[in-house]
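Undergrad: Structure in structure tokens, see below.
Bear in mind these aren't lab numbers, they're just calculated from the coordinates by the rules spelled out. Given the structure is predicted, the values throughout are model-derived calculations rather than measurements. Positions of Cβ are generated from backbone atoms using ideal geometry, with glycine treated the same way; all protein chains shown enter the neighbour counts.
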Amino acid sequence: MKVNFFATFRPIVGGKTVEVDVAEGTTLQQVLKTLVARFPAVGPELFDQDGHLHGHVHVFVNGRDWVYLAEQLEARIKAEDVINIFPPVGGG
């Protein structure tokens, strides 16, 4: 499956898109943990010290923010899904 990173996340993972192999039944939480295992520097950017996803990080599955998924971080991910991860966005 494809995971697209935006803005300040791209230098951390070395590019725009990362391919992740997902087995049937893999959850969004497991995908994120796999990414942290591959790219340890992204861990503190995604998760707080208690292991919760930072509120200012936006993770979309097929265009839908994870907080609006019925199972949220426990949502099952399929190989054809696309995940987009955005850092905090600000501006004026």
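Undergrad: May I ask what percent, to the nearest 5, of DSSP beta bridges between residues of the chain are antiparallel?
TA: The antiparallel proportion sits near 75 percent.
Undergrad: On to the next question. To make sure I understand the rule: partners must be lysines, Cα under 17 Å from the Cα of Lys78, and not fewer than 8 residues away in the same chain. Which ones qualify?
TA: In chain and number order, the partners are Lys2, Lys33.
Undergrad: Fewest Cβ neighbours within 10 Å first, please rank Lys78, Lys33 accordingly.
TA: Lys78, Lys33
Undergrad: Moving on to the next point. Could you compute the longest span of the chain free of GluC sites (Glu not before Pro) located in DSSP loops and having at most 10 other Cβ atoms within 10 Å, not counting the site residues?
TA: Segment 25-79 is the longest.
Undergrad: Additional query: Divide the volume of the convex hull of the Cα atoms of the chain by its number of residues and quote the answer in cubic angstrom per residue.
TA: 102 Å³
Undergrad: Give, in nm to one decimal, the length gained when the segment between Glu80 and Asp65 is fully stretched (0.36 nm per residue of separation minus the Cα-Cα distance).
TA: 3.7 nm
Undergrad: Taking the Cα centre of the chain as the origin, how large is its charge dipole in debye, to the nearest 20, when only Lys and Arg (+1) and Asp and Glu (-1) carry charge on their Cβ atoms?
TA: Here the size comes out at about 280 debye.
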